Every structure is written in C-alpha cells, then in structure tokens.
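Undergrad: I'd like to ask you about the structure that follows.
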Amino acid sequence: MTFYELYGAPPSVRASAPGRVNLIGEHTDYNGGYVLPTTIPQRTTVELLPRPGGAIRALSIDVGQPTPFDYVVGTESRRGRWTDYLQGVTWVLSKAGFAVGGADILITSTVPLGGGLSSSAALEIALLRAFREAFSLPIGDVQMARLGQQAENEFVGAPVGVMDQMACTLAGNGEALFLDTRSLEWSVVPMPASAELVVINSGVAHSHAKGDYRMRRAECEQAAGLLGVAALRDLDAGDLPRVMRLPEPLGRRARHVVTEDDRVLAAVEALRAGNVASLGGLFYASHESMRDDYEVSIPEIDLLVELARATPDVYGARLTGGGFGGSVVMLARPGRGRAAAEAIVAEFAARAGKAATVLVP
Ligand code: ADP
Ligand code: MG
C-alpha cells in the first residue's frame, strides 16, 4: 500500500533511520564504559504529510494493522502496543516545548522487529527526523537521540540506555559509533571496506534473561564497591591482580568488564587501521570473556561462534547484545558474508536441530 492510496495525497516528507548491531563492548554500558555499535543496511522509513489541526493518523505496514491508528497530539496515552512509540515521540516533543501539528503518517521497515537490531530506536529516530523536517523543529542530533531514549523510557516504559538512539542518529551507512557511555563523548569510525558485516540470529531466547541481567548489574555494583571505585570503568589492566582477589564470581565478572573496555579501544584502533584480522581476534576474545567470565552465553551461541571460527571467510565472531540467546555478529571477507552465513546456519541446523536466521547481509 502506498501513502497516496492510503491518504489520497502524496507525502511531503520522507525520513529514515537504520537499525544497529553492537560490534564490541558488551555489558560495559552500565559500568560507564565504552561501546562500539554500527548501523546495519536495514532501515525504517517514515512518510509524512502535515495537516491542519492536531490529529495524527498513522499506519505501519509491518505490524499487520488494517486501518490507521488515530489520536490528537496532547492526548497521548499508553496502550501497550507499537503506537506507544509514536505517541511517545509526539509526547516527548511537546514536553520539550516543540510544537507538533497534525499529520498523516506511513511507516515501512526492513529492520526485523524485536530481533535485537533496535527496530525501536530506528522507529523513534525516523519519526523524530520526519517531525523535525515537517515542522521545522530546531533539534540537534544528540538532542534527538536523547528525545528518542526519553520517549522509550518515560512513555513506552522500557529502561533502555542511549546507545541505540545515538548509534542510529549519529552513525551513517557503513559507519560505527565509538561511544563513551559515561561522558557521552563520541566519534564516528568508518567500517573498513575489507570487512563485511554478518548477523545471525540463533532463534533462542531465554525467559530468565531479565533476571540474569539484573544479577550481572548487581554483581558489577558489588565488585565496584569492594574495589572502592564509582564504576568498573575506573579500573584498567593494572588492577586485574586485585580484581581477581575478589570473591567468586565477582572477580571474573569485573575482569570481563575491564578487559572488554580495553578490547573496545583496541577495536577502534584496528578499525581505523583497517586491520580486520586483529579486529576478528578481538571478537573471539570478547566472546570467550562473555562465555567464561561473564557467563552470559549459551551452548547454541557458542556453537555458532565455533562454526564461524571454522569458516575461512570469517575473520571473527561473537555474541552480541545482552546474551542468554540472541544473535552473533561476525566480520567476513567482502562479498562472502551471505554464503558463509548460510553455510553456518545449515551446519547449525544439522548439529543443534534448530533454525537460526541470517539477519545481515
Ligand atoms: P528491537 O528494538 O530489538 O527490535 P524492541 O522490543 O526494543 O526490539 O522494539 C520492538 C517493538 O518496537 C515492536 O514490538 C514494535 O512495538 C515497535 N516497532 C519497531 N519497529 C516498528 C515498525 N516498523 N512499526 C511498528 N512498530 C515498530
Ligand atoms: Mg529496542
């Protein structure tokens, strides 16, 4: 269905934003450390036509909704549906003092929904970009990322950090975002032409993931407290001997965070130098640290990483995201990513009896 077929007029604004995947820097964000997400080719697109009054009509092709959802700006209310993201955006804009009028909206997306590639931030940022353009709102990019996060935190009710919104606002196609989650200092680093991004979803999701995530956060706080630092970010490799004197499993938890921060810094250097072999090695090291020290991997994810290691066209692979299921991110020889991923998925099906999916490329 086109915008014209739906609303009887063409859109005047078209805006979009990409999904993202974290290359390296896992469980570092709530420890004040570094992360390195990159955008994926898939995007969410918003077409919009302003109309008089404050009424919004919106339809998203990808949620199978038959008719547009409508509401009036200023009367937003949470319903536990996708429309919370849209209402959250107009709510947060109004709250920040930006005047938003009525509009007809059509949303299309190639980012898999709920697959860990941040379709939520892609939707928020595509909407914010469309409103910014349609109503000439003076919003800077970092402010836009924070507005998206605020909509998701305060309106949708999801306690997410700002990484996803920063990544899909600030990093362009084929770029990674090096972000210091404490100071929010950031820089954009181009992905080397010598590596192709691959993401495979294991199809496994553990129901206890939320509880285990909370437990890891609590362990990090406890470790930081015992070591007398505000956050594990404040430690470096020189502190590892005293880190490892902490009671089990706190030492290993903290060691993951300290070494992972170092791996992000090394990965940024490797990216800048176009050294994909070194980058690949850092991916494997990060995976081992998540598996053995942080204990957030699962056998299916470990199998995918091992299959990747046995694939000559793959430089490196690791669990991406919080863990206990989810996806594996890999770097492959350019032009060989799809074939390598399909071979890995086929072997995974044979060995694990489960269907993994290639999300990128
Ligand atoms: P992720 O961000 O990892 O994809 P989330 O659970 O954070 O997963 O966000 C997914 C939710 O965001 C969907 O269930 C839906 O409510 C909303 N959403 C994302 N993209 C779209 C879209 N294109 N159309 C409608 N809703 C969307
Ligand atoms: Mg999300």
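Taken together, the values in this text are just the output of simple stated rules run on the coordinates, not laboratory data. For clarity, every value in this text was computed on a predicted model and none was experimentally measured. No Cβ is skipped: glycine too gets one built from the backbone with ideal geometry, and neighbour counts run over all protein chains shown.
Undergrad: Let me check I've understood the local charge: for Val204, count other residues with C-beta under 9 angstrom from its C-beta, Lys and Arg +1, Asp and Glu -1. What total comes out?
TA: Summing Lys and Arg as +1 and Asp and Glu as -1 gives 0.
Undergrad: Determine the gain in length on full extension of the stretch His206-Val358; use 0.36 nm per residue of separation and subtract their C-alpha separation, reporting nm with one decimal.
TA: Working it through step by step, the gained length comes to 52.8 nm.
Undergrad: Let me ask you something else. For the stretch 1-141, what does the convex hull of the Cα positions come to per residue, in cubic angstrom?
TA: 129
Undergrad: Pick from Asp293, Asp239, Asp180: which is most flexible by mean-square fluctuation in a GNM of the chain where alpha carbon atoms under 10 Å apart are linked?
TA: Comparing Asp293, Asp239, Asp180 in the GNM, the peak value goes to Asp239.
Undergrad: Give me P(r) over the chain, computed from all C-alpha to C-alpha distances, binned every 10 Å, as integer percentages.
TA: 5, 24, 30, 24, 13, 3, 0
Undergrad: Given points 7 Å out from each Cα along the Cα-Cβ axis, report the Ser77 to Gln143 separation in nanometres with one decimal.
TA: Each label point is offset 7 Å from its Cα along the Cβ direction, giving 3.1 nm.
Undergrad: Using only C-alpha positions, report the orientation-averaged shadow area of the convex hull of the stretch 211-314, nm², one decimal.
TA: Mean projected area for the stretch 211-314: 7.5 nm², to one decimal.
Undergrad: I've got another one for you. Using a cut-off of 13 Å between beta-carbons, work out the net charge of the residues near Ile61 (Lys and Arg +1, Asp and Glu -1, Ile61 not included).
TA: Net charge around Ile61: -3.
Undergrad: Something else: Working from Cα positions, state the angle (0 to 90°, nearest 10) between the long axis of helix 299-309 and the longest principal axis of the chain.
TA: So the helix axis and the longest Cα principal axis differ by about 80 degrees.
Undergrad: Work through the residues other than Leu123 whose Cβ is under 13 Å from its Cβ and net out their charges, Lys, Arg +1 and Asp, Glu -1.
TA: With Lys, Arg at +1 and Asp, Glu at -1, the neighbours total -1.
Undergrad: Between Arg217 and Phe135, what's the calculated FRET efficiency when r is the beta-carbon distance and R0 is 41 Å? Round to 0.05.
TA: That gives a FRET efficiency of 0.60.
Undergrad: Provide the gained length on full extension for the span Arg351 to Glu175, in nm with one decimal, where the gain is 0.36 nm per separating residue minus the Cα-Cα distance.
TA: Extending this stretch completely gives an extra 59.9 nm.
Undergrad: Quick one: angle between helix 250-273 and the longest Cα principal axis of the chain, in degrees between 0 and 90, rounded to 10, please.
TA: 70
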